[in-house]
Amino acid sequence: MYTISRKLSILFIACTISAILLVTLFVNLTVTNKFNDYMVDIQNKRYQRIVTYLEDVYKREGKWTENTGIELMHEAYMGNYCLTLMDQHKKPVWGMDPNAINKQLNMNSMPVQETGVYTTKSFEIKVNSRIVGYVDIGQYSTILLTEEDVNFKGSINKSIVASGILTLIIISGFSLYFSKQFSDPIKEVAKTSVNLSRGNYETKSSIKSNLIELKDLQKSVNVLAGKLKYQDILRKRLVSDISHEIRTPLHVLQNNLEAMIDGVFPVTTEKLLYLNEEVIRFGKLINNLNILKEFEAESTKLKYETIFLDEFITEISKDFNLDADKKNIMVDLNIQQNHKYLVTGDKDKLKQVFINLFSNSLKFTEPKGRVLIKLYENDNKITVEISDNGIGIKQEDLPFIFERLYRGDMSRHQIEGNGIGLTIAKNILQLHNASIEVESKEGKGTKFTICFPKNETS
């Protein structure tokens, strides 16, 4: 098993070495071939110069003698090649001993191309387009190199090797640096994920990265940590709320029944009615839980029909006039005119939604308060706003109000309810492809905004 940093470093270095080796090999072959071509060209020019020199000597002397061009021998000896001058009948005029050259090469008195088989090349010597002789040039190597040539070629090879090593060092440094830039954020995110899996929802990834993908990954993990933290809080509150909602009516029933059995309380119609109300309240809670279960299982069948939302809301709001009058709460209904508010949905289910929202607005609004219901069309959507100036909702409670049995702070617990109504309302609206959002400030009031897709026939 390897860490990301080590794996990336090995990958970078392996790719770098492979690239350097390939480039070094390619450059070396190219330079060697070009250098050899250059030396062959020089060698061919040397051959041509020797032939031209001998032609000029023959023109001047008119014949071959043992001393004709003898001065070329010294140059040939120093250049590690042999010359043999022959007349037009290929009879030797003078010549050098190849063994002397071979002996010189074996003594390494001069750095040259490594020795091999002795080879000769014969060139014609012409004067006035007539062959007057021949010169054989023999050597033990394909290319003759001087000391300067060998040193030059060696320095090139050393430079290539040195450049490759220097490049390897630089690239290795960069690879280690960039692999760390990749690996550190990933390691941090991985560490955060491990902590989340262990239930430590307070952990967050804080390391900085200039890579968009890693930054998005880091942000997503942090968001996930926040949601898991909220879910953990919600789970704990849910258990507490369920326990409270179920335990309270059962506790009341048990204590009163025991008191009646023990003769502490007399069995009266008033007491029985009180106990019956607790049973009914407990039954409503169980019934709401079953309804919620049906919605979440998507087993509820809706009866779709076309609904005139303006008339629909107006009729429902009238049912709350009596409750509003009892608390001296003003209910304003504001419907934008000259629009057809047609939606497709289940009338009974949507009525359940608006009854829940209207009743909540009245419940959590102090006497002499105000509830405003607005209906308008905007951007191909039909929007319903239900706002009040009641007790409001704490900011820390807002993310959870649509969760099961969530009822927020204790001031809201003092008002009758079981915390399931908004959960059911949201599920009903989702089945109608509608959305619901909430805005609230503690002590200032709450506004629910519902957006329906507009009916195509409207």
Worksheet entry | Total residues in the range 36-91, condition exposed (fewer than 15 other Cβ atoms within 10 Å of the Cβ), among the acidic types (Asp, Glu) and assigned to a helix (DSSP H, G or I) | 5
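Residues 186, 160: which one is in the same structural domain as residue 28 (by TED's automatic domain parsing), among the aliphatic types (A, V, I, L, M) and surrounded by 13 or more Cβ atoms within 10 Å (Cβ to Cβ)? Walk me through it before giving the result.
Values: 186 fails: in the same structural domain as residue 28 (by TED's automatic domain parsing).
Exactly one residue qualifies, and that residue is 160.
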Discussion item. If I ask for residues that are assigned to a strand (DSSP E or B) and within 24 Å of residue 304 (Cα to Cα), which ones from the range 426-447 would you list?
Written reply: 435, 436, 437
Response to the item:
Residue count, the range 214-246, condition modelled with pLDDT under 75 and either more than 25 Å from residue 402 (Cβ to Cβ) or in contact with a Pro (Cβ under 7 Å, 6 or more places away or on another chain) (or both), comes to 2
Practice prompt. Name, by its number, the condition in (1) out of contact with any Asp or Glu (no Cβ under 7 Å at 6 or more places or on another chain); (2) modelled with pLDDT of 80 or more that does not hold for residue 303.
Written response: (1)
Worksheet item: Can you name the residue in the range 245-274 that is under 60 Å from the mean Cα position of the chain (by Cα) and free of Cβ contacts under 8 Å to residues at least 24 places away in the same chain and is also surrounded by the most Cβ atoms within 10 Å (Cβ to Cβ) among such residues?
Response: 248
Discussion item. Looking for something surrounded by 13 or more Cβ atoms within 10 Å (Cβ to Cβ), assigned by TED's automatic domain parsing to the domain that holds residue 40 and either in contact with a Gly (Cβ under 9 Å, 6 or more places away or on another chain) or modelled with pLDDT of 85 or more (or both) - is there at least one such residue anywhere in the range 145-152?
Written reply: yes
Worksheet item: Pairs, please: C-beta under 7 Å, at least 6 apart or cross-chain, first residue within 18 Å of residue 375 (Cβ to Cβ) and in the range 312-330, second surrounded by fewer than 18 Cβ atoms within 10 Å (Cβ to Cβ) and among the β-branched types (Val, Ile, Thr)?
Response: 316/355
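The values are calculated or read from the model by the stated rules, or taken from the named source; none is laboratory data. None of these values were measured; they are calculated from a predicted model. Glycine gets a Cβ as well: all are built from the backbone with ideal geometry, and neighbour counts include every protein chain shown.
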